[in-house]
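Notes for the one structure printed next.
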Amino acid sequence: MPEFLEVFDRLAMPILLSTLGAPLGFWVSQVGPQNQFVHLWGYDSLADYEARCLARDSHPDFPAYLGASGHLITAQETRLIRRVALPSIQGWT
(Lines give C-alpha, C1' and ligand atoms only; values in the text may rest on other atoms or scores of the structure.)
Protein backbone atom coordinates (compact mmCIF):
# COMPACT_ATOMS: atom_id res chain seq x y z
CA MET A 1 0.00 0.00 0.00
CA PRO A 2 2.74 2.56 0.73
CA GLU A 3 4.23 2.13 -2.75
CA PHE A 4 0.82 2.45 -4.42
CA LEU A 5 -0.05 5.58 -2.43
CA GLU A 6 3.26 7.18 -3.37
CA VAL A 7 2.81 6.39 -7.08
CA PHE A 8 -0.83 7.52 -7.02
CA ASP A 9 -0.01 10.79 -5.28
CA ARG A 10 2.99 11.59 -7.45
CA LEU A 11 1.75 10.52 -10.87
CA ALA A 12 -2.04 10.33 -10.81
CA MET A 13 -3.08 13.19 -8.56
CA PRO A 14 -1.79 16.04 -10.75
CA ILE A 15 -3.73 14.56 -13.68
CA LEU A 16 -6.85 13.83 -11.65
CA LEU A 17 -6.96 17.27 -10.09
CA SER A 18 -6.74 18.90 -13.51
CA THR A 19 -9.28 16.61 -15.19
CA LEU A 20 -11.67 15.35 -12.49
CA GLY A 21 -11.49 18.30 -10.12
CA ALA A 22 -11.27 18.15 -6.35
CA PRO A 23 -11.94 14.75 -4.76
CA LEU A 24 -14.51 14.22 -2.04
CA GLY A 25 -12.09 12.01 -0.14
CA PHE A 26 -9.74 9.06 0.09
CA TRP A 27 -9.86 6.01 2.35
CA VAL A 28 -7.87 2.83 2.94
CA SER A 29 -9.22 -0.34 4.51
CA GLN A 30 -8.47 -0.90 8.17
CA VAL A 31 -10.78 -3.83 8.95
CA GLY A 32 -12.00 -6.39 6.43
CA PRO A 33 -10.34 -6.96 3.05
CA GLN A 34 -6.88 -5.47 3.25
CA ASN A 35 -4.98 -3.16 0.92
CA GLN A 36 -8.03 -1.45 -0.49
CA PHE A 37 -7.93 2.18 -1.57
CA VAL A 38 -11.20 4.02 -2.14
CA HIS A 39 -11.45 7.42 -3.74
CA LEU A 40 -14.65 9.38 -4.22
CA TRP A 41 -15.27 12.11 -6.78
CA GLY A 42 -18.42 14.14 -7.33
CA TYR A 43 -20.01 14.84 -10.71
CA ASP A 44 -22.96 16.96 -11.76
CA SER A 45 -24.37 14.34 -14.13
CA LEU A 46 -23.52 11.21 -16.08
CA ALA A 47 -22.46 13.43 -19.00
CA ASP A 48 -20.13 15.36 -16.66
CA TYR A 49 -18.63 12.07 -15.44
CA GLU A 50 -18.09 10.84 -18.99
CA ALA A 51 -16.48 14.12 -20.12
CA ARG A 52 -14.11 14.26 -17.17
CA CYS A 53 -13.14 10.60 -17.55
CA LEU A 54 -12.41 11.17 -21.24
CA ALA A 55 -10.19 14.10 -20.29
CA ARG A 56 -8.36 11.92 -17.74
CA ASP A 57 -7.96 8.98 -20.08
CA SER A 58 -6.67 11.14 -22.94
CA HIS A 59 -4.24 13.15 -20.77
CA PRO A 60 -0.74 12.66 -22.20
CA ASP A 61 0.73 11.79 -18.77
CA PHE A 62 -1.92 9.22 -17.80
CA PRO A 63 -0.17 6.24 -19.46
CA ALA A 64 2.88 6.84 -17.25
CA TYR A 65 0.72 6.44 -14.15
CA LEU A 66 -0.93 3.30 -15.55
CA GLY A 67 2.48 1.81 -16.31
CA ALA A 68 3.88 2.63 -12.88
CA SER A 69 0.86 1.33 -10.96
CA GLY A 70 -0.15 -1.70 -13.04
CA HIS A 71 1.83 -4.21 -10.99
CA LEU A 72 0.31 -2.82 -7.77
CA ILE A 73 -3.37 -3.19 -8.73
CA THR A 74 -4.98 -6.63 -8.67
CA ALA A 75 -8.63 -5.55 -8.93
CA GLN A 76 -10.55 -2.40 -9.65
CA GLU A 77 -14.22 -1.54 -9.28
CA THR A 78 -16.03 1.57 -10.45
CA ARG A 79 -19.39 2.53 -9.01
CA LEU A 80 -21.67 5.39 -9.91
CA ILE A 81 -23.76 6.30 -6.90
CA ARG A 82 -26.37 8.96 -6.33
CA ARG A 83 -26.89 11.08 -3.23
CA VAL A 84 -30.12 10.50 -1.34
CA ALA A 85 -31.68 13.24 0.76
CA LEU A 86 -33.09 11.89 4.03
CA PRO A 87 -35.24 14.26 6.08
CA SER A 88 -33.63 13.04 9.31
CA ILE A 89 -30.22 14.41 8.33
CA GLN A 90 -31.17 17.72 6.75
CA GLY A 91 -28.60 20.33 7.60
CA TRP A 92 -25.74 17.86 7.95
CA THR A 93 -22.85 18.15 5.54
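Worth a mention:
- Residue-normalised accessible area of region 14-73, expressed per residue, 1.4 Å probe, Å²: 66
- Against the chain, whose longest principal axis comes from its Cα atoms, helix 46-57 is set at around 20 degrees.
- Its DSSP H runs of at least 4 residues, each contributing -39,500 (n - 2.57), put the calculated 222 nm mean residue ellipticity of the chain at -9500 deg cm²/dmol, to the nearest 500.
- Residue ranking by accessible heavy-atom surface, 1.4 Å probe, largest first, among Y43, Y65 comes out as Y43, Y65.
- For the chain, the share of accessible area belonging to carbon and sulfur comes to 57 percent (1.4 Å probe, ligands and nucleic acids excluded).
- A straight line joining the Cα centroids of region 74-93 and region 33-59 runs 14 Å.
- Backbone geometry of region 9-26 corresponds, through the Karplus equation with coefficients 6.51, -1.76 and 1.60 at θ = phi - 60°, to 3J(HN,Hα) couplings of 5, 6, 9, 8, 4, x, 6, 5, 5, 7, 10, 9, x, 6, x, 7, x, 10 Hz, x marking Gly and Pro.
The values are calculated or read from the model by the stated rules, or taken from the named source; none is laboratory data. Keep in mind it's a predicted model, so treat the numbers as computed, not measured. Note: accessible area is taken over every heavy atom of the protein model, side chains too, but ligands, DNA and RNA are not part of it. Shrake-Rupley method; radii C 1.70, N 1.55, O 1.52, S 1.80 Å.
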